[in-house]
Amino acid sequence: MYQVRRPSRSEFRPVRGLSYHLRVWGEPDPQTPPLVLVHGWMDVSASWQFMVDALSQDRWIVAPDWRGFGLTRSDGPPVDSYWFPDYLGDLDALLDQIAPDRPVDLVGHSMGGNVATIYAGVRPARVRRLINLEGFGMPATRPSQAPGRYAQWLDEIRDCRQGTKGLQTYDDLQGVARRLMKTNPRLPADKAEWLAGHWAAPDAQGRWSILGDAAHKVVSAYLYRADEAVAVYERITAPTLSVIASDDSLAQWWKDRYTLADYRERIRHIPQLQETGLPDSGHMLHNDQPVELARQVEAFLA
């Protein structure tokens, strides 16, 4: 089993009607801004542990489990879909609590990178440095796609209500670890087994279930507007680092519908932008190359 170098502690805070789970390392320091790490889709805050262990310096680090993931909980009725603006609202409310009077260093991966980058343009004064780890956004859309998208959303929330859109369960912890390694072949077995214990939990029947709401699989009712994203990027004032893995995830997911060239065309609108690559890594680059990524993160934030 992977041996943690910097143990975290769990905290729960009320955020917009939810009990938000935060994974926290270190203690607040008035001389250093908080480092806030936000994870991607179908991931959890524990996924940052390997990168945090590789950092050369101790600092106050806060990593939330997004709504519907990990240990974040709601006492309200079940939901049948999730809305992107809620992630912005949750992040804003969380920063009001942990850093009400100073900007933070903000790092986001995948969906979290997209949230972090949009947030940095909407609330530019709240972010001192921004690091986007493969937070690509989505392919551009056309208005003519709207009727079909709404119809798809209606179909999928019906499926969600009827319980036909569930997530796979596993016999044991090792089954979860094998699932993680199948998705990410670079993930070593010791890290996969450690992460599996935070990514899933046994249910009442003893089956291991992913700590993620199946409603996250429901398509967004709204079309992704690339022109709106660009307008937000132009308002970012924080120096920004875009880190791209050596494996081309966009080519795997979208083929020629959305390419790295398309992504680079969008993010060039961020005024203070740097881009770097991470060798021998896939989309889960903070799991694949935590030591090299930690070096790049610390160099940029220094």
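A few notes on this one:
- Structural size metrics of the chain, computed from C-alpha coordinates, are Rg and Dmax of 18.7, 53 Å.
- For region 1-159: relative contact order, % (alpha-carbon pairs under 8 angstrom, 6 or more apart): 22 percent
- Of all lysines in the structure, those lying under 22 Å Cα to Cα from Lys217, and not within fewer than 8 positions of it along the same chain, are Lys165, Lys182, Lys255.
- Judged by the mean number of other Cβ atoms found within 10 Å, the most tightly packed of the peptides 21-30, 73-82, 130-139 leads the ranking 130-139, 21-30, 73-82.
- Look at where the Cα atoms of region 133-171 and of region 1-79 average out, and the two centres are 26 Å apart.
- Separation of alpha-carbon centers, region 226-250 and region 190-220, rounded to whole Å: 29 Å
- Global form of region 133-282, assessed from the alpha-carbon gyration tensor, a/c cut-off 1.5: oblate
- Of all aspartates and glutamates in the structure, those lying under 13 Å Cα to Cα from Lys191, and not within fewer than 8 positions of it along the same chain, are Asp53, Asp288.
- Taking all Cα-Cα distances within region 50-143, those exceeding 15 Å account for 68%.
- Counted by Cβ distance under 14 Å from Arg73, the other residues give a net charge of -2, where Lys and Arg count +1 and Asp and Glu count -1.
- In the chain, helical runs assigned H by DSSP with n ≥ 4 each contribute -39500 (n - 2.57); averaged across all residues and rounded to the nearest 500, the mean residue ellipticity at 222 nm is -10500 deg cm²/dmol.
- In this structure, Arg142 and Val219 have a Cβ-Cβ separation that, at R0 = 22 Å, corresponds to a calculated FRET efficiency of about 0.85.
- Three-way shape call for region 162-251 based on the alpha-carbon gyration tensor, with the a/c threshold at 1.5: oblate
- Counted charge near Val218, where neighbours are those whose Cβ lies closer than 9 Å (Asp, Glu -1; Lys, Arg +1): -1
- In Å, descending, principal axis extents of the Cα set of region 32-104: 42, 29, 20
- Using the Cα coordinates of region 234-290, the gyration tensor eigenvalues translate into equivalent-ellipsoid semi-axes of 21, 17, 7 Å, sorted from longest to shortest.
Bear in mind these aren't lab numbers, they're just calculated from the coordinates by the rules spelled out. As the structure is a computational prediction, the values presented were derived from the model and not from experiment. Every residue, glycine among them, receives a Cβ derived from its backbone with ideal geometry; neighbour counts consider all protein chains shown.
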